[in-house]
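Okay, structure first, notes after.
The values are calculated or read from the model by the stated rules, or taken from the named source; none is laboratory data. The shown structure was predicted, so the numbers you read here are calculated from the model rather than taken from an experiment. Cβ atoms come from the backbone with ideal geometry, glycine included; neighbour counts cover every protein chain shown.
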Amino acid sequence: MSDAGERLSVVRALRVVPMQRRHLRAVMRIEHEAYPRPWSSTLFLSELSQRASRRYAVAVVGPRVVGYAGLMLVEEDGHVNTLTVDPVWHRHGIGTLLLLDLARVAVTRGARHLTLEVRAGNEGAQALYRKFGFAPVGLRRNYYSETGEDAIVMWARDIDDERYAARLALIEQQLRSTK
């Protein structure tokens, strides 16, 4: 199967659902594989308990959790706290679908803007975020204390605008197309 065909079959099999306690074992496995200083399960449980101001979702293929993402809402801003895909499942559109979910939830909950920090060296993630309209606005030096790496602060403005809704629809259409 071609890479495009494999990606399309994964996207069709993928579901994004709200994260629940039962997902934490799989989330923690991915968290420990992806980060030198992973979040604790206690931190995830604390985040999950704040449902009014948070959205945490998992991407599942069949019974397997292959990624997760989290959003914190503060007034009219949504802060993407985490977006992580199991390294084995990279380049299958999973991060795109998770970010689509977060962006749409942010709008329905009254957010007007999205923000996040991304490792300065993570060019793949930066490309994904640019596709969603995020633009760099600043740098946080030595933000990632475990590596000393800088974080680029990015914002997507006016996500409640119909032009942004059209952007999200186009991203989803491109992801689900066979071309």
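The table that follows gives values for the structure above.
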quantity	calculated
Yes/no for MET72 being touching a helix residue (DSSP H, G or I) at 6+ places or on another chain (Cβ under 6 Å) and within 30 Å of GLY148 (Cα to Cα)	no
Residue in segment 45-55 that is under 21 Å from ARG119 (Cα atoms) and surrounded by fewer than 21 Cβ atoms within 10 Å (Cβ to Cβ) present	no
Where GLY62 falls short, out of the listed (1) farther than 11 Å from ASP86 by Cα; (2) buried (at least 18 other Cβ atoms within 10 Å of the Cβ); (3) not basic (Lys, Arg)	(2)
Residues of segment 143-175 satisfying the condition of being in a strand (DSSP E or B), in contact with an Asp or Glu (Cβ under 8 Å, 6 or more places away or on another chain) and at pLDDT 95 or above	ALA151, ILE152, VAL153, MET154
